[in-house]
1. At 0.36 nm per residue, minus the direct Cα-Cα distance, what do residue 24 and residue 78 gain on full extension? Give it in nm, one decimal, please.
2. Assign unit charges at the C-beta atoms only (+1 for Lys and Arg, -1 for Asp and Glu), then state the dipole size of the range 23-75 relative to its Cα centre in Debye, rounded to the nearest 20.
3. Give a residue-ordered list of calculated ³J(HN,Hα) values for the range 72-77 (Karplus: 6.51 cos²θ - 1.76 cosθ + 1.60, θ = phi - 60°; whole Hz; x for Gly, Pro).
4. For the chain, take every pair of Cα atoms, bin their distances at 5 Å starting from 0, and report each bin as a whole percent.
5. With θ set to phi - 60° and the Karplus curve 6.51 cos²θ - 1.76 cosθ + 1.60, what are the ³J(HN,Hα) couplings of the range 28-44 in order, to the nearest whole Hz, using x for Gly and Pro?
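No lab work stands behind these numbers, since they all come straight from the coordinates. These numbers were taken from a predicted model, which means no experiment stands behind them. Note that each Cβ is placed from the backbone with ideal geometry, even for glycine, and that neighbours are counted across all protein chains shown.
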Amino acid sequence: MKQDWKPGTMIYPLPAVLVSCGKEESEYNIITVAWTGTICTNPPMCYISVRPERHSYEIIKRNMEFVINLTTKDMAFSTDWCGVR
């Protein structure tokens with residue numbers, strides 16, 4: 001049965017996401033993040049959780065911005081690889 005949903009900010013449930021960060025090419029980085037979700041729908045807000053030990057943590061903290069890239073089944077290997085490299 002087909003369901004029509006109004007536009008929204010729901011990103012849960014989903015697999016791990018790829019978070020890209022960095023303002024300068026020298027600091028560009030991508031990290032696999034499993035802890036992500038919606039905080040509020042109005043205004044639209046979502047969150048990620050990154051440990052301070054991770055290289056991307058300081059980049060995100062310094063620049064105060066990042067991009068959440070949703071993954072697909074076909075990207076499972078690449079997503080896992082980014083999570084361990």
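1. Numbers: separation 54, 0.36 × 54 = 19.44 nm, distance 2.32 nm.
Value of the extension gain: 17.1 nm.
2. On the way: 6 positive and 7 negative charges, 43 e Å.
Here the size comes out at about 200 debye.
3. Values per residue, Gly and Pro as x: 10, 4, 5, 9, 4, 4 Hz.
4. 3, 13, 22, 22, 19, 12, 6, 2, 2, 0
5. 3, 8, 9, 9, 7, 10, 8, 8, 8, x, 9, 8, 8, 9, 9, x, x
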